Amino acid sequence: MSSRKIRSGDEVIVISGKDRGRRGTVNRVLGDKIVIDGINIAKKHVRPDPNQGIQGGIEEREMPLHISNVMLYNPDTQKGERVGFKWLGEGADRRKVRIYKSSGEVVDA
């Protein structure tokens, strides 16, 4: 189990940059950067490569955002929340879970 604060599949809200205030689902986590569906779209010029069947031209691509520019979205409060960790259970059943810092509520049940 990964102990990252933001994981693939989480719903996040962008807190800075040109897409500030927009929500989306995390597609990939690349170290300290993340790619979010439909957020941070950039136009990329692509050279044609007939060997790989790439036509070339200008394509729109989702570019990575730094993980510090997003917050995990809490559907109960309709806001971005800070995330912390807490240990649940005893002995062999003990596991580390993510919690919302404001309420102490467990993120992933």
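The values are calculated or read from the model by the stated rules, or taken from the named source; none is laboratory data. Every value quoted in this text rests on a predicted model; they were computed, and no experiment measured them. So basically every Cβ, Gly included, is an ideal-geometry build from the backbone, and we count neighbours across all protein chains shown. Surface areas here come from the heavy atoms of the whole protein model, side chains and all, with no ligands, DNA or RNA. Shrake-Rupley method; radii C 1.70, N 1.55, O 1.52, S 1.80 Å.
Listed values for the stretch 58-75 are Karplus-derived 3J(HN,Hα) couplings in whole Hz (6.51 cos²θ - 1.76 cosθ + 1.60, θ = phi - 60°), namely 9, 10, 8, 9, 7, 9, x, 10, 5, 5, 6, 8, 10, 10, 5, 8, 9, x, and x replaces Gly and Pro.
The heavy atoms of Arg94 offer some 130 square angstrom of accessible surface to a 1.4 angstrom probe. Here Ser8 sits with roughly 80 square angstrom of accessible surface, probe radius 1.4 Å.
With a cut-off of 11 Å between beta carbons, the residues surrounding Val14 carry a summed charge of +3, where Lys and Arg count +1 and Asp and Glu -1. Taking Lys and Arg as +1 and Asp and Glu as -1, the other residues whose beta-carbon sits under 9 Å from that of Trp87 total +4.
The largest-to-smallest principal axis extents of the Cα set in the stretch 10-100 are 59, 32, 19 Å. Charging the Cβ of each Asp and Glu at -1 and of each Lys and Arg at +1, and nothing else, the dipole of the chain about its Cα centre rounds to 360 debye.
Projected label points at Lys33 and Arg7, each 7 Å from Cα along the beta carbon direction, are separated by 2.4 nanometres. The Ala42 and Ser16 beta-carbon pair, evaluated with R₀ = 22 Å, returns a calculated FRET efficiency of approximately 0.85. Taking a point 7 Å out from the Cα of Val97 in the direction of its Cβ, the residues of the stretch 63-89 whose backbone N falls within less than 19 Å of it are 72-77, 81-89.
The alpha-carbon of Lys44 sits under 21 angstrom from the alpha-carbons of these lysines, leaving out residues fewer than 8 places away in its chain: Lys18, Lys33.
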